[in-house]
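Notes follow the structure.
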Ligand code: SF4
Ligand code: SF4
């Protein structure tokens, strides 16, 4: 193997002034406040317009699917819902946080201002069946979300548990303050779902 | 004992290639778990503690950005392409937006230009601080690294207020920026932060850049000469450390840079130390540029072009054409070539990243003959960005 030459820094280039005081100057850092904060005993400051979870005003949403078309991560699926036995006239976006990049382009394009965002951002899961459901939801009303955020002030997800019944397609949101919110998923896509009980000619997809 | 030829045959059948076995050398897999390599791996052929041959082994972060960009509406590509360079995600955003602006022929408002320049410089400062963190960890000066991380945090908080996110800002879009400056308070905070970081530079000098140990460890290793650097297409601080004063901000000025006053530091040694010092000098220049920008103040006016077509973003169409735009990032010359065929999605987006020039062949060349302990230092002095290599 050929010899490899190494350059070593000449002594003249190196500043080597021995000092007996300088090492002690480091002591001044003992009297400074640490930059780290003790979570959860201290709180982080979150910017007012931090791009966090979505909120949706179900009354305002016209189901135009702009949000679904712009989404770069394809996290939005339009969903037909039924609340209290009444079908919503238009589909609403269902957002999958497993895919979402929190870019909020969907919020920018929403023509009616139904889809908004809030600064809450902590979504934790124990990776169990019922906590995983939290990652895929139709957002709740902004005022409700704001109220929950203000009362807890810890930037957590407002829903503790989402129950999804695979047979009846019923979804139950258990909000953090104990409120229960129920609706039923009728179908997916931009077209309204076919009535299943109506005619005999309806074919399953 | 299995014969060597049989081993090689078996490896080939399973889609692997073994280096020919040699009695005196051994193979060392350096990364991707190794902290110094950051999702990048090098296969080293070692003789004792000297590197005989180095083979870069990238690809752990491959996501196919350029192809994916062909399937997304124009504006949302920003949310994808910024992932090309994580520590300074504003650079890919800006080059893509500038190229699209050029195709459409949009005149970006002055306020947006000011904000874009400021964001780019903030990204440069935060990226250099991040690099100081990496370098000092590799040199074993952990204190300086933790300081750098703490100061960078201040910039991240400012980014959070301005853009709504800390790392992936998704802020610069074709036609301007997404949000206005939140308040005058933000400008004051930025000014304070710039002054604060500036006042802390001597601390870094004492600990890292004037340190006896740094000189001992970095001088004379990983030497790259001018001719080699130019033939490999190396840009940025790595090229300026070999004596070529090439800086995109000077050579092909964009945004507000023609109005700004700054120096382009150049050193002739071309070794790891020169590269580190260049970055240190540039950090100072960037803080100086930020000061000038703040003295200038943001011009009044809109922060986005007004165009009725922007009401319908998913179906927003860009006229057929192509454009190339590039900016100076902390890694080098970062460029994007965008082709449109008149649809609501790009026909082709090509990214010219700086890291591929100095992260594969140059790295392999520089590592030969170095000691194992110098491998992280050389790697860090080149400052490559693995997601940019893999793309
Ligand atoms: S949330 Fe907005 S963009 Fe999405 S379907 Fe409803 S109205 Fe349209
Ligand atoms: S924030 Fe972005 S990624 Fe998430 S649902 Fe909206 S458009 Fe899709």
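The values are calculated or read from the model by the stated rules, or taken from the named source; none is laboratory data. Computed from a predicted model, the values in this text were never measured in an experiment. With ideal geometry, Cβ positions are generated from the backbone for all residues, glycine too; neighbour counts draw on all protein chains shown.
So the values come out like this:
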read-out	value
Top-ranked residue of the range A:111-159 - restricted to ones that are touching a strand residue (DSSP E or B) at 6+ places or on another chain (Cβ under 8 Å), within 16 Å of ligand 1 (Cβ to nearest atom) and within 14 Å of chain B (Cβ to nearest Cβ), ranked as nearest to residue A:68 (Cα to Cα)	A:115
Verdict on residue B:176 being at positive phi and touching a helix residue (DSSP H, G or I) at 6+ places or on another chain (Cβ under 7 Å)	yes
Filter pass, residue B:208 being buried (at least 17 other Cβ atoms within 10 Å of the Cβ) and under 30 Å from residue B:361 (Cα atoms)	yes
Within the range B:213-268, helices (runs of 4 or more DSSP H) holding 1 or more residues that are more than 19 Å from residue B:355 (Cα to Cα)	B:248-251
Tally of residues being within 16 Å of ligand 1 (Cβ to nearest atom), more than 30 Å from residue B:125 (Cβ to Cβ) and buried (at least 24 other Cβ atoms within 10 Å of the Cβ) across the range B:36-95	0
Residue A:119 being away from ligand 2 (no atom under 11 Å from the Cβ), assigned to a loop (DSSP other than H, G, I, E, B) and either surrounded by fewer than 13 Cβ atoms within 10 Å (Cβ to Cβ) or at pLDDT 85 or above (or both)	yes
Single condition residue B:336 does not satisfy, out of (1) in a loop (DSSP other than H, G, I, E, B); (2) in contact with a strand residue (DSSP E or B) (Cβ under 7 Å, 6 or more places away or on another chain)	(1)
Count - residues of the range A:162-181 that are in a strand (DSSP E or B) and within 21 Å of the chain's Cα centre (by Cα)	10
Helices (runs of 4 or more DSSP H) wholly inside the range B:87-191 containing at least 2 residues that are farther than 19 Å from residue B:77 by Cα and within 14 Å of another protein chain (Cβ to nearest Cβ)	B:110-139, B:142-163
Neighbours by Cβ (under 8 Å, 6+ apart or cross-chain): first from the range A:70-98, within 14 Å of another protein chain (Cβ to nearest Cβ) and closer than 23 Å to residue B:68 by Cβ; second part of a helix (DSSP H, G or I) and more than 12 Å from ligand 1 (Cβ to nearest atom)	A:72/B:77; A:72/B:79; A:72/B:80; A:73/B:79
Candidates B:353, B:342, filtered to the one that is more than 14 Å from every other protein chain (Cβ to nearest Cβ) and without any contact (Cβ under 8 Å) to a residue 60 or more places away in the chain	B:342
